[in-house]
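Working notes, structure below.
FYI, it's all coordinate maths here, none of it is from the lab. Just so we're clear, the structure is a prediction, and the values are computed from it rather than from any experiment. A quick note on method: Cβ atoms are made from the backbone with ideal geometry, for glycine too, and the neighbour counts reach across all protein chains shown.
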Amino acid sequence: MKLILAVLQDKDSNRLADALSGKDFKTTKLSTTGGFLKEGNTTLMIGCNDESVDEALDIIRDNCSQREQMVAPISPMGGNADSYIPKPINVEVGGATVFVLPVDSFFQF
Amino acid sequence: MKLILAVLQDKDSNRLADALSGKDFKTTKLSTTGGFLKEGNTTLMIGCNDESVDEALDIIRDNCSQREQMVAPISPMGGNADSYIPKPINVEVGGATVFVLPVDSFFQF
Amino acid sequence: MKLILAVLQDKDSNRLADALSGKDFKTTKLSTTGGFLKEGNTTLMIGCNDESVDEALDIIRDNCSQREQMVAPISPMGGNADSYIPKPINVEVGGATVFVLPVDSFFQF
Ligand code: NI
Ligand code: NI
Ligand code: NI
């Protein structure tokens, strides 16, 4: 038995939780803020058998890897809005920091 | 030293925290949502000596085991309320998912 | 790799998080309540290399140790406010409960 703690961006957490539960992984979401990742983030606790760790990691990697995203920049305030042509910019989104912890024993009551 | 992480239903968390502190266990409550259990849930972190793990588990089992509860169903909306006789139904409540984690070292400052 | 879980008072958490990030430690803050410490508290998760554990512990000790603080007592309600001279009192603040957990493996995606 292992306990996986995955810290990821809020925006990726529902997709990841759905992908994990679709493969019968049980997850619990902790409310967390700041630190490992720049934006608001979430920590998922995933309990899994030793032989399922690699599958869980694959699902995390597929759903949370850091990637680039084109976003429309906020238009500058007080500028000449008429002549302003927003140019999409590339930002890094996603990413996950993952700890796999050993478990001494596991119970369900 | 062990760190016990117990994921349980919100409704059981105060009773369990009280029962644990009555036996001098120290607990910290994490705000958590969804996953291991169907309803809103809470995660308790319990630090304890190796020789007290079994006592802590007994207290968790006694206060959080899955059990059946008779509840009055919600009366159907828009139905004929006069002729509606609510029949109590049995639902499963409670339950706990418990991980006992090894601890390398422990400090109090 | 180790995962340090430090439970501390809310009032110390920003100072500690800043001190840790100033030394390139990555932290994530969990919303927690009650238990190990009397007042509202916070749990910081700190991932660090084995050889950096002692440095992280020193930073936690320096920023969160239990200490005495002089506080002005709340003036008694309904009393004779004119003749009331508030006498500062000593209270214990701070303190941290710290678990260092072994980590099987660690990933960043
Ligand atoms: Ni793989
Ligand atoms: Ni027993
Ligand atoms: Ni030292």
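Taking a label point 7 Å from Cα toward Cβ, how far is C:Glu68 from its twins in the other copies, in nm, shortest first?
6.0, 6.1
Which Cβ of chain A lies nearest the axis of the rotation superposing A onto C, and at what whole-Å distance?
A:Ser31, 3
Taking each residue of B:87-100 in turn, how many C-beta atoms of other protein chains fall within 10 Å of its C-beta, and what is the average? Walk me through the intermediate numbers first.
On the way: counts 0, 0, 0, 0, 0, 0, 0, 1, 2, 3, 8, 7, 11, 6.
Mean shielding by partner chains, rounded to a whole number: 3.
Mind ranking A:55-66, B:62-73 by how tightly packed they are, going by the mean number of other C-beta atoms within 10 angstrom, highest first?
Numbers: A:55-66: 17.6, B:62-73: 13.5.
So the peptides A:55-66, B:62-73, ranked by packing, come out A:55-66, B:62-73.
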